Amino acid sequence: GETIGAVLDRVAAEFGDRDALISCHQNLRYTYAQLLDQVNCAARGLLALGVKRGDRVGIWSANVAEWVITQYAAAKAGAILVNINPAYRSRELEYALNQSGVSVLVTARSFRKTDYLEMLLALAPELADARGASLVLEKLPYLRHLVFLGDGETPGGRSWQQFMCLGEQVSLSALQEVSDRLQCDDPVDIQYTSGTTGSPKGATLSHHNILNNGFFVGEALRYTVDDRICTPVPFYHCFGCV
């Protein structure tokens, strides 16, 4: 009966010095206290971009630490995270962004042999010259902000580091006010089906859905505070993100 953000706050207060997230391929390691700091900063960054309760925040990437941070941050800010398959092609990406109404997209720059920057510029050539605080794109009318993971150019958007710096514009108390108004039955995640018999369908999950799914799996497998879970499966599917 809690929200995802409230559970993270509670667990970080009790187990702050324990490992919470290890991304081997990125050589990153966060304790619960460090993870909470990153999540709060990212959540404040979303609020600084104008994200309101119920707004859609998309994430398009393979498994990285920033995905986990974004998922928790969106939950704390009251946004609905839209998980986008990293193998999507242009048509599928355009459909998912528009059908769900994503206003902020956190994106990798590439996946395997697919150049995400090239795909985004093909869909929205206006990005090449975009300089304003908020995007106006003909084919992606809901998309207002792009956040790029990793280093390199950021056409029409900002880097992850710049995004995290935005969080300094919003106080922690302002974030807490937003989080305190959330309910466990609020929608928090949209998962797209494969679309094998038609267009992909967006299935909506609540804080209650995700937390209880994870909790009862942990109960059945008898997890303790000493256990570690290896998650090689894609975060964009329910198995990975739960």
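Values as computed for the structure displayed
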item: Test: ALA13 is open to solvent by less than 50 Å² (accessible area, probe 1.4 Å) and farther than 22 Å from LEU127 by Cβ; result: no
item: Qualifying positions in segment 37-62 - within 24 Å of VAL11 (Cα to Cα), open to solvent by 30 Å² or more (accessible area, probe 1.4 Å), out of contact with any Gly (no Cβ under 7 Å at 6 or more places or on another chain) and touching a residue at least 24 places away in the same chain (Cβ under 8 Å); result: GLN38, LEU47
item: Evaluation of ALA174 against (1) more than 19 Å from the chain's Cα centre (by Cα); (2) of a type in the set (A, V, I, L, M); (3) at pLDDT 95 or above; (4) in a loop (DSSP other than H, G, I, E, B) (one fails), failing number; result: (4)
item: Every residue from segment 179-202 that is in contact with a Gly (Cβ under 6 Å, 6 or more places away or on another chain) and more than 18 Å from TRP60 (Cα to Cα); result: SER179, LEU182, CYS184
item: The one condition in (1) under 24 Å from ASP180 (Cβ atoms); (2) modelled with pLDDT under 95 that GLN71 fails to fulfil; result: (2)
item: Residue list for segment 46-70, filter: in a helix (DSSP H, G or I) and more than 17 Å from LEU146 (Cα to Cα); result: ALA65, VAL68
item: Pairs, first without any contact (Cβ under 8 Å) to a residue 24 or more places away in the chain in segment 169-186, second hydroxyl-bearing (Ser, Thr, Tyr), C-beta under 9 Å, six or more apart; result: ASP185/SER206
item: Hits in segment 89-107 - residues which are touching a helix residue (DSSP H, G or I) at 6+ places or on another chain (Cβ under 7 Å) and open to solvent by 10 Å² or more (accessible area, probe 1.4 Å); result: SER90, GLU94
item: Residue within segment 192-212 that is assigned to a helix (DSSP H, G or I) and over 19 Å from ALA79 (Cβ atoms) present; result: yes
item: Some residue of segment 189-207 being in contact (Cβ under 8 Å) with a residue 40 or more places away in the chain, in contact with a strand residue (DSSP E or B) (Cβ under 6 Å, 6 or more places away or on another chain) and charged (D, E, K, R); result: yes
item: Of residues in segment 118-170 being in a strand (DSSP E or B) and not small (Gly, Ala, Ser), the one farthest from SER100 (Cα to Cα); result: ARG158
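The values are calculated or read from the model by the stated rules, or taken from the named source; none is laboratory data. Everything quoted here is computed from the prediction, not taken from an experiment. Note that we place each Cβ from the backbone using ideal geometry, even for glycine, and neighbour counts take in every protein chain shown. These accessible areas exclude ligands, DNA and RNA; they are computed on the full protein's heavy atoms, side chains included. Shrake-Rupley method; radii C 1.70, N 1.55, O 1.52, S 1.80 Å.
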